[in-house]
Amino acid sequence: MFRVEQGAHGEGRPVRIPGSSRLDEADRAIIHALQEDGRLPVSTIAEAIGLPASTVRRRINRLQSDGTLRIVAIADNERLGLPVHVVIRVETDVASGDSVGRALDALDEVRWVAMVAGQSDYLVEAFFASNAHLHAFLVNVLAGIPGIQRTETMAVVNLSKNSYRWSTMLRSAAEAPAAARRGS
């Protein structure tokens with residue numbers, strides 16, 4: 001893990017934290033830079049962290065190929081014409097859990113699916129063009145998936161945070177007491 005220390009001018013700087021994963025400080029610095037601006041030129045990142053551009057390019061390619069890093073555009077759902085944002089709790093019968101998960105994964109309206117522990121078996125985030133579109137999805141699509149026993153749909157009425165800044169989350173984890181990091 002690493003944390004981001006603020007410099008004199010407010011800029012963040014990743015700092016290695018003992019006991020972190022296989023990523024080194026240079027990898028973390030590259031990820032931090034790309035999280036601030038995913039379109040930064042390799043040469044700019046290289047200059048900022050003090051490595052040759054060829055090394056930075058090679059590291060970015062490795063981070064992408066091993067699945068550690070994806071560089072994507074994050075669009076505004078409302079501006080795309082999908083203003084209805086919901087989270088759906090899904091309960092399944094025990095024998096159908098995996099097949100329900102695969103069916104949920106395949107749905108176009110669904111952005112992410114997570115198998116969870118607790119009262120529900122899955123949480124699903126989905127976006128729709130209208131309430132009629134949502135209704136049709138619930139009645140004609142979701143209700144037709146074998147193994148679903150119960151759903152609860154919650155409308156997102158205000159999204160107050162939607163962060164992809166892993167550096168701040170890792171900083172928080174690093175600052176947590178050791179017992180909390182171990183789960184004790």
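The values are calculated or read from the model by the stated rules, or taken from the named source; none is laboratory data. Treat the numbers as computed from the prediction; the structure is a model and nothing was measured. Reconstructed Cβ throughout: ideal geometry from the backbone, glycine too, with neighbour counts over all protein chains shown.
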Taking region 81-96 as the search range and keeping residues that are closer than 14 Å to THR151 by Cβ and of a type outside the set (Ser, Thr, Tyr), which one is surrounded by the most Cβ atoms within 10 Å (Cβ to Cβ)? VAL90
Does GLU91 satisfy being touching a Ser or Thr at 6+ places or on another chain (Cβ under 6 Å), over 30 Å from ARG39 (Cα atoms) and touching a residue at least 24 places away in the same chain (Cβ under 8 Å)? yes
Pairs under 7 Å by beta carbon, first residue in contact (Cβ under 8 Å) with a residue 40 or more places away in the chain in region 140-165, partner small (Gly, Ala, Ser), six or more apart or different chains? ILE145/ALA103; PRO146/SER96; GLY147/SER96; GLY147/SER99
Can you tell me which residue among GLY118, GLY81, GLY101, GLY19 is on the phi > 0 side of the Ramachandran plot and modelled with pLDDT of 95 or more? GLY81
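Every residue, every condition in (1) over 30 Å from LEU23 (Cβ atoms); (2) of a type in the set (Asp, Glu), yes or no:
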site: VAL87; (1), (2): yes, no
site: ARG102; (1), (2): yes, no
site: ASP105; (1), (2): no, yes
site: ILE145; (1), (2): yes, no
site: GLU152; (1), (2): yes, yes
site: ALA174; (1), (2): no, no
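In region 105-115, is there at least one residue being among the charged types (D, E, K, R), in a helix (DSSP H, G or I), without any contact (Cβ under 8 Å) to a residue 12 or more places away in the chain and farther than 26 Å from ARG39 by Cβ? Write out each step before concluding.
The initial filter retains those residues of region 105-115 that are among the charged types (D, E, K, R), namely 105, 108-109, 111.
With in a helix (DSSP H, G or I) added as a condition, the list becomes 105.
Then drop every residue that is not without any contact (Cβ under 8 Å) to a residue 12 or more places away in the chain, which leaves 105.
Checking which are farther than 26 Å from ARG39 by Cβ leaves us with 105.
Yes, because at least one residue in region 105-115 is among the charged types (D, E, K, R), in a helix (DSSP H, G or I), without any contact (Cβ under 8 Å) to a residue 12 or more places away in the chain and farther than 26 Å from ARG39 by Cβ.
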What residue, among those in region 125-171 that are farther than 22 Å from ALA103 by Cβ, assigned to a helix (DSSP H, G or I) and of a type outside the set (Val, Ile, Thr), is farthest from the chain's Cα centre (by Cα)? ALA132
